[in-house]
2 protein chains.
Amino acid sequence: METPQDLTVAERIRSRFDELTRAERQLANAIMDNYPVSGLGSITVIADASDVSTPTVVRMAKKLGFRGFPDLQAELRAEVEATISNPISKHNRWAGNAPDTHILNRFADSVMENMRQTLRQIDPEEFNAVAKLLSDHSRGIHVVGGRITHSLADYFFTHMQMVRDNLTLVAANSNVWPHYVLNMKADDVLVIFDIRRYERDIQHLAEMAKSQGVTLVVFTDQWGSPAAKHATHSFHSRIEVPSAWDSAVVPLFIIEAMIAAVQDLSWVETEDRMKSLEELLDQTRMFRKFK
Amino acid sequence: METPQDLTVAERIRSRFDELTRAERQLANAIMDNYPVSGLGSITVIADASDVSTPTVVRMAKKLGFRGFPDLQAELRAEVEATISNPISKHNRWAGNAPDTHILNRFADSVMENMRQTLRQIDPEEFNAVAKLLSDHSRGIHVVGGRITHSLADYFFTHMQMVRDNLTLVAANSNVWPHYVLNMKADDVLVIFDIRRYERDIQHLAEMAKSQGVTLVVFTDQWGSPAAKHATHSFHSRIEVPSAWDSAVVPLFIIEAMIAAVQDLSWVETEDRMKSLEELLDQTRMFRKFK
DNA sequence: TTTGATTAGAAACTATTATTTCAGAAACCA
DNA sequence: TGGTTTCTGAAATAATAGTTTCTAATCAAA
């Protein structure tokens, strides 16, 4: 009689407990105790813990239908994974009318996974610290991006402009960067956007700024821009998607959350800025009122 | 400098990520991927999974303050145990260390909900139709954005440039827009980015272009830019988040998916473009090779 | 381009883990 | 009680995991 392959270790033990010998039962009980983590160590550890010899462990593993102890352990790991990993939304389609294989759905899957992973790695304390740093109006803020990332830098700059003054968008053309560095003061902050492929010039800019005492905040990807090495704070986003290019969705998410956080911290001042801005826009009749 | 003993593996990786080398980062990411189960197998397995040699694994373990790989793994097991034995465990939280009320978590909730709602409403057929339209190299493509959305227009333009030629980014300054309209031909496509607050000038531009026989594609929000009324195709993204401003995350998502779709449709031509681009970039030594 | 420093993996090596063998102990049975 | 079977772990062995060493490759600086 062969033990079916898709049963958990616990189920196999339970269903065949009668057939186990004294030493094996001792072992089985030790495994069920604090299951399944107790079985994740080496064969020696679990044998010692249940006061049996290692051959007993091997014998029982085989009795339960495994090829050996490592085989049993692999099953345990799979179970742990199933328990821990969050199955929500794994198999519900995003765009309901499109097949799973449609680019929209595949893209959505990756982006969601990127979000999850990125957020798991972010240190909220660091996030708060940067928000505080950026809401310090006495410090000048300089923003720079690379070939691809200048759109992000631009987006960040446009919004931060509404929240605070003393803000500079460093021009995209790296030839003129040294001029910008000259204008950076010791307590200023340089916000760098750099995802692969990392640009040498950005690294140099970071080094120059650092040597002037400027605080560096880097938004980069999971592999980390070289500029992040010099940074006081850095945020690493997952950016891989089923495409020839990388995704800026998660970085943008972090940026927006950061803007919101800074906004919260400097609400009093912002309120005035916002009002002035509204009036200004109304006067120029450039925008329509909505709602 | 010694790494404190009571930190999780994830925390150690996060805090010392900058000090890790290329291969080590690759490994670190593989461990964070499906953490912590991914690190529960043998050193060989995790090394293979992250495309790194086993010595690299040992080196990183030591760098993180462990005595060796088994030591690191023991810590992982302890973490699994802690996670499992605490079933409430915050799996609904995005940023695990932050409270539910932290801006990161509230923001993540909204953005996810925005994604779901937006995707539910998108017609895949329309998406495909636009992808086809944009991959028709005989049509000129013009891209325009407003005060806030010009970053999106810019992002779209930068990527589309790599996919195809015959592409124009309409300057942000609306004074010069009439000139651009003059250059639009009857079969051209005008891609408009406009989310609230909608800009009058964009509506005018849309009308002018339309009257010349130009096909309009509008990326807007759930309420719909006035320009969308004239559009052949429009995409409505949800943009509300707990912030004083709107979120461009979902629009960006759609844009990226669209770029990927266009890329797929015009792969043959793109391949050449990509190669030329790579060479160009390598020549100018502006970018670092990665991997 | 050369030089020196850093990095990474192949290979050799060591340590540990897993399996098998086997002999003694325990249980069972007539 | 003696014979038989079953069980168990010590020890030997095999397999695999983990570590170290060392050289080639890579990269930055001169």
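A few comments on the model shown:
- Cα-only Debye scattering, the protein assembly as shown: base-10 log of I(q)/I(0) at q = 0.08, 0.09, 0.12 Å⁻¹: -0.63, -0.78, -1.23
- Dipole magnitude for region B:103-284: computed about the Cα centre from +1 point charges on Lys and Arg Cβ and -1 point charges on Asp and Glu Cβ, it is near 620 debye.
- Percent accessible area from carbon and sulfur atoms, chain A, protein chains only, probe 1.4 Å: 51
- Subset of A:185/A:229; A:185/B:62; A:132/B:63 violating a 29 Å alpha-carbon distance limit: A:185/B:62; A:132/B:63
- Relative contact order %, region A:9-84, counting alpha carbon pairs below 8 Å whose residues are six or more apart: 31
- Cα gyration tensor shape for chain A, rounded if a/c is under 1.5, else prolate or oblate: prolate
- Summing Lys and Arg as +1 and Asp and Glu as -1 over all other residues whose Cβ lies under 14 Å from the Cβ of residue A:155 gives a net charge of -3.
- Other protein chain Cβ atoms within 10 Å, averaged over every residue that makes up A:102-115: 5
- Rounded to the nearest 10 degrees, the inclination of helix A:69-84 to the longest alpha-carbon principal axis of chain A is 40 degrees.
- Chains B and A together bury roughly 8500 Å² of accessible area, counting both sides, with a 1.4 Å probe on protein heavy atoms only.
- Degrees between helix A:22-32 axis and first principal axis of chain A (Cα, 0 to 90, nearest 10): 20
The values are calculated or read from the model by the stated rules, or taken from the named source; none is laboratory data. Note that the structure is a prediction, hence the values are computed from the model and not measured. Counting neighbours? That spans all protein chains shown, and the Cβs are built from the backbone with ideal geometry, glycine included. Accessible surface areas use protein heavy atoms only, side chains included; no ligands, DNA or RNA. Shrake-Rupley method; radii C 1.70, N 1.55, O 1.52, S 1.80 Å.
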